[in-house]
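Undergrad: Could you have a look at this structure, given as structure tokens, before my questions?
Nothing in this text is a laboratory measurement; each read-out follows from the coordinates by a stated rule. Computed from a prediction, not measured in an experiment: that's the story for all the values here. Note: ideal-geometry Cβ built from the backbone for every residue, glycine included; neighbour counts use all protein chains shown.
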Amino acid sequence: MPSAANRAVTAIYPGSFDPVTNGHLDLIARGAMIFDRLIVAVARNLEKDPLFEVKERVEMLEAVTFDWKNVEVEVFEGLLMDYARARNASVVMRGIRAVSDYEYELQMAMMNRKIEPSIETVFMLPGEAYSYLSSRLVKELARLGGPIKSLVPPLVEERLRAKVS
């Protein structure tokens, strides 16, 4: 097997990021330290009814990841493995908060391995402060007028409040 020691490692962190939370940023920060290049891939998912348009999610992600020079934000649709091959990625990074996440993510990882065995899935656990955090809960809390300041970056809080008011 060829040595990967001399090869730059590109990882993809896919998701809807509707909206990006501090939990996402925690994983992005740690992924940026591990991988040479991290592509935050915003999924254009026609089955979901997002609060923010893809363009808005990309703008917010670009703003809050600006300081990480090895982090890029892109949009993708279709099969993740097709996208990963096209971007020369060797890793897919996924966050897992609970056992329920693990069961779903395991199925996805095994299917992705069946489609493209050369691309590894790496599971990362969020920091303890974010182990309960999801975009869905943040949106629900914002709609009900609850406190979201510690859950999302200030730019996202501002845009989220404007969307739900």
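Undergrad: Evaluate the following for Glu72: is it within 20 Å of His24 (Cα to Cα) and part of a helix (DSSP H, G or I)?
TA: No, not satisfied.
Undergrad: Go through the range 18-65 and report how many residues are in a loop (DSSP other than H, G, I, E, B), closer than 19 Å to Asn112 by Cβ and either of a type in the set (A, V, I, L, M, F, W, C) or under 10 Å from the mean Cα position of the chain (by Cα) (or both).
TA: Within the range 18-65, residues that are in a loop (DSSP other than H, G, I, E, B), closer than 19 Å to Asn112 by Cβ and either of a type in the set (A, V, I, L, M, F, W, C) or under 10 Å from the mean Cα position of the chain (by Cα) (or both) number 1.
Undergrad: Okay, moving on. So is Glu72 surrounded by fewer than 19 Cβ atoms within 10 Å (Cβ to Cβ), out of contact with any Asp or Glu (no Cβ under 8 Å at 6 or more places or on another chain) and farther than 20 Å from Glu158 by Cα or not?
TA: Yes: the conditions hold for Glu72.
Undergrad: Okay, moving on. Would you mention how many residues in the range 25-35 are in contact with a strand residue (DSSP E or B) (Cβ under 7 Å, 6 or more places away or on another chain), crowded, with 18+ Cβ neighbours inside 10 Å and touching a residue at least 60 places away in the same chain (Cβ under 8 Å)?
TA: 2
Undergrad: Would you call Ala63 surrounded by fewer than 22 Cβ atoms within 10 Å (Cβ to Cβ) and in contact with a Ser or Thr (Cβ under 9 Å, 6 or more places away or on another chain)?
TA: Details: surrounded by fewer than 22 Cβ atoms within 10 Å (Cβ to Cβ): yes; in contact with a Ser or Thr (Cβ under 9 Å, 6 or more places away or on another chain): no.
So Ala63 does not fit the description; no.
Undergrad: A further question on this structure: Give the range 100-138 a look and list any residue that's assigned to a loop (DSSP other than H, G, I, E, B) and out of contact with any Ser or Thr (no Cβ under 8 Å at 6 or more places or on another chain), or say none. Quick ask: steps written out before the conclusion?
TA: Looking only at the range 100-138, we keep the residues that are assigned to a loop (DSSP other than H, G, I, E, B), and these are 116-119, 125-127, 131-134.
If the condition is that a residue be assigned to a loop (DSSP other than H, G, I, E, B) and out of contact with any Ser or Thr (no Cβ under 8 Å at 6 or more places or on another chain), then Glu116, Pro117, Pro126, Gly127, Ser131, Tyr132 are the ones that fit.
Undergrad: Of everything in the range 104-136, what is of a type outside the set (Gly, Ala, Ser) and in contact (Cβ under 8 Å) with a residue 40 or more places away in the chain? Give them in sequence order.
TA: Of everything in the range 104-136, those that are of a type outside the set (Gly, Ala, Ser) and in contact (Cβ under 8 Å) with a residue 40 or more places away in the chain turn out to be Val122, Met124, Pro126, Tyr130, Leu133.
Undergrad: A further question on this structure: For the range 75-103, name all the residues that are surrounded by fewer than 13 Cβ atoms within 10 Å (Cβ to Cβ) and in contact (Cβ under 8 Å) with a residue 40 or more places away in the chain.
TA: Asn88, the sole residue that qualifies.
Undergrad: Go through the range 47-69 and give me each residue that's more than 26 Å from Met33 (Cα to Cα), among the basic types (Lys, Arg) and out of contact with any Asp or Glu (no Cβ under 8 Å at 6 or more places or on another chain).
TA: The one that is more than 26 Å from Met33 (Cα to Cα), among the basic types (Lys, Arg) and out of contact with any Asp or Glu (no Cβ under 8 Å at 6 or more places or on another chain): Lys55.
Undergrad: Which members of the range 140-163 meet the condition of being touching a helix residue (DSSP H, G or I) at 6+ places or on another chain (Cβ under 7 Å), within 18 Å of Asp49 (Cβ to Cβ) and either of a type in the set (Asp, Glu) or surrounded by 15 or more Cβ atoms within 10 Å (Cβ to Cβ) (or both)?
TA: Those that are touching a helix residue (DSSP H, G or I) at 6+ places or on another chain (Cβ under 7 Å), within 18 Å of Asp49 (Cβ to Cβ) and either of a type in the set (Asp, Glu) or surrounded by 15 or more Cβ atoms within 10 Å (Cβ to Cβ) (or both): Ala142, Arg159, Leu160.
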